[in-house]
Amino acid sequence: MSSIAIIINPISGGVRPDAARARAELASAIVDRHGDPAEVFVSERTGHARQLTKAAVSRGARLVMAWGGDGTINEVASALAFGDVPLGIVPAGSGNGLARQLGVHPNAADAIRHAIGAEPRRIDVGELGERLFVNVAGVGFDAHVAWRFSERGNRRRGLLTYVVTSAKALMTYHPAQYWITTPEARVHVRAILVTVANSPGFGNGAYIAPGARVDDGLLDLVVMEERSRLKTLWNLPRLFNGTVNLAPGCSIRRVDRATIESDHAMAYHVDGEPVLGGTSLRVRIHPGALYVCVL
């Protein structure tokens, strides 16, 4: 009989590492009651969830669940992309952007039960700088915050830490110059961020691309040019009321491919995980490349 694998990030959402045992026991109990063999793993380091996923698939797992935040989901999804084994999500991160968009239940037990009983459906997968993402990716301020946030290592991270880190970074961050090429045009911008969105939100109710859809075969390319830091701060509430597209200096275009270039090597992020890239980053969409099990 095919198994169901559950991969747990022991510190996602700012919980204590010893919470992993309770999460593992809950997952095993629910899967066992459903009649499926359960394989439960706890990730130990960056990249480990990807390795665990590949190993589970090679052993014949019929479903792999990621219990964690956007970074954990990214690792599991990247290993499952272009294959037939679907992704299940148990949201436990600081933002849970993709889980919110897909309507995943916030209660862990319900999320597990729903994933087991759901019919797989396809969603798109984005790519930035040869790294896959399922929610959002980008360069600029959000990538800068991702790097700052990751420096905490295994210390408690959580929503409050993310907010404090972002607020401090905004006080000193300087916009950068980018050249962005799409099939329609090549533009030069001085932007505080350039985000590529597969789904609408960063998480926690912040929507950087309100019209983005995970299954439309396109990415929303969001460019936020800064007129002044005061205007940036004044328009921050637009992230939470779905009107960021009306902010001065904001442009959103839907693309299936693009290139982002800079005079300097660019730090970027994929689903909140920081990556150091070169002076040119390729953007593209892989339509329907991932199966997900959500109700």
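The values are calculated or read from the model by the stated rules, or taken from the named source; none is laboratory data. As the structure is a computational prediction, the values presented were derived from the model and not from experiment. Cβ sites come from the backbone with ideal geometry, for glycine too, and all protein chains shown count toward neighbours. Surface areas here come from the heavy atoms of the whole protein model, side chains and all, with no ligands, DNA or RNA. Shrake-Rupley method; radii C 1.70, N 1.55, O 1.52, S 1.80 Å.
Taking the condition on the phi > 0 side of the Ramachandran plot, outside any helix (DSSP H, G or I) and open to solvent by 10 Å² or more (accessible area, probe 1.4 Å), does G60 pass? First the steps, then the outcome.
Values: on the phi > 0 side of the Ramachandran plot: yes; outside any helix (DSSP H, G or I): yes; open to solvent by 10 Å² or more (accessible area, probe 1.4 Å): yes.
In short, yes.
Could you give every pair whose Cβ atoms fall below 9 Å, whose first residue belongs to segment 170-190 and is under 14 Å from M266 (Cβ atoms), and whose second residue is in a strand (DSSP E or B) and acidic (D, E), counting only separations of at least 6 or pairs across chains?
The qualifying pairs are P175/E225; Y178/E261; W179/E261; I180/E261; V189/E225.
Tell me the residue from A55, A27, A108 that is surrounded by fewer than 19 Cβ atoms within 10 Å (Cβ to Cβ) and more than 19 Å from the chain's Cα centre (by Cα), please.
Of the residues listed, the single one that is surrounded by fewer than 19 Cβ atoms within 10 Å (Cβ to Cβ) and more than 19 Å from the chain's Cα centre (by Cα) is A55.
On the basis of being closer than 26 Å to L132 by Cβ, acidic (D, E), open to solvent by 20 Å² or more (accessible area, probe 1.4 Å) and in contact with a strand residue (DSSP E or B) (Cβ under 9 Å, 6 or more places away or on another chain), does E225 make the cut? I'd like the intermediate steps shown before the answer.
Details: closer than 26 Å to L132 by Cβ: no; acidic (D, E): yes; open to solvent by 20 Å² or more (accessible area, probe 1.4 Å): yes; in contact with a strand residue (DSSP E or B) (Cβ under 9 Å, 6 or more places away or on another chain): yes.
It is false that E225 is closer than 26 Å to L132 by Cβ, acidic (D, E), open to solvent by 20 Å² or more (accessible area, probe 1.4 Å) and in contact with a strand residue (DSSP E or B) (Cβ under 9 Å, 6 or more places away or on another chain).
Considering segment 126-153 alone, what residues qualify as being surrounded by fewer than 20 Cβ atoms within 10 Å (Cβ to Cβ) and either assigned to a strand (DSSP E or B) or aliphatic (A, V, I, L, M) (or both)?
Matches in segment 126-153: R131 only.
Pull out all pairs, ordered by first then second residue, where Cβ-Cβ is under 7 Å, the residues are six or more apart or on different chains, the first lies in segment 200-217 and is open to solvent by 50 Å² or more (accessible area, probe 1.4 Å), and the second is of a type outside the set (F, W, Y) and in a loop (DSSP other than H, G, I, E, B).
F202/G95; F202/I208; N204/G95; Y207/P200; Y207/G242
Residue by residue, here is whether (1) under 26 Å from P210 (Cα atoms); (2) assigned to a helix (DSSP H, G or I) holds:
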| site | (1), (2) |
| --- | --- |
| D32 | no, yes |
| R50 | no, yes |
| A55 | no, yes |
| V64 | no, no |
| W67 | yes, no |
| I73 | yes, yes |
| G88 | yes, no |
| L98 | yes, yes |
| V104 | yes, no |
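Of the conditions (1) free of Cβ contacts under 8 Å to residues at least 40 places away in the same chain; (2) assigned to a helix (DSSP H, G or I), F41 clears all except one; give me its number.
Result: F41 passes all but (2).
Could you identify the single residue in R122, R113 that is modelled with pLDDT of 95 or more, assigned to a strand (DSSP E or B) and open to solvent by 10 Å² or more (accessible area, probe 1.4 Å)?
Going through R122, R113 in turn, just one is modelled with pLDDT of 95 or more, assigned to a strand (DSSP E or B) and open to solvent by 10 Å² or more (accessible area, probe 1.4 Å): R122.
Output the residues belonging to segment 41-57 that are aliphatic (A, V, I, L, M) and at pLDDT below 95.
Hit for segment 41-57 is V42, nothing else.
I'd like to check something: does segment 254-270 contain any residue that is touching a strand residue (DSSP E or B) at 6+ places or on another chain (Cβ under 6 Å) and acidic (D, E)?
Scanning segment 254-270 turns up at least one residue that is touching a strand residue (DSSP E or B) at 6+ places or on another chain (Cβ under 6 Å) and acidic (D, E).
Every residue, every condition in (1) in contact with a Leu (Cβ under 8 Å, 6 or more places away or on another chain); (2) more than 12 Å from G126 (Cα to Cα), yes or no:
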residue: R186; (1), (2): no, yes
residue: V194; (1), (2): yes, yes
residue: T232; (1), (2): yes, yes
residue: R238; (1), (2): yes, yes
residue: S251; (1), (2): no, yes
residue: D256; (1), (2): yes, no
residue: S262; (1), (2): no, yes
residue: E273; (1), (2): no, yes
residue: V292; (1), (2): yes, yes
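Where residues in segment 233-249 are touching a residue at least 24 places away in the same chain (Cβ under 8 Å) and under 12 Å from Y207 (Cβ atoms), which of them is least open to solvent (accessible area, probe 1.4 Å)?
V244
Looking at V294, V270, V196, which is the one that is crowded, with 22+ Cβ neighbours inside 10 Å, over 22 Å from G129 (Cβ atoms) and under 21 Å from the mean Cα position of the chain (by Cα)?
V294
Scan segment 82-131 for residues that are under 13 Å from M65 (Cβ atoms) and of a type in the set (K, R) and jot them down.
Residue satisfying the conditions is R113 alone.
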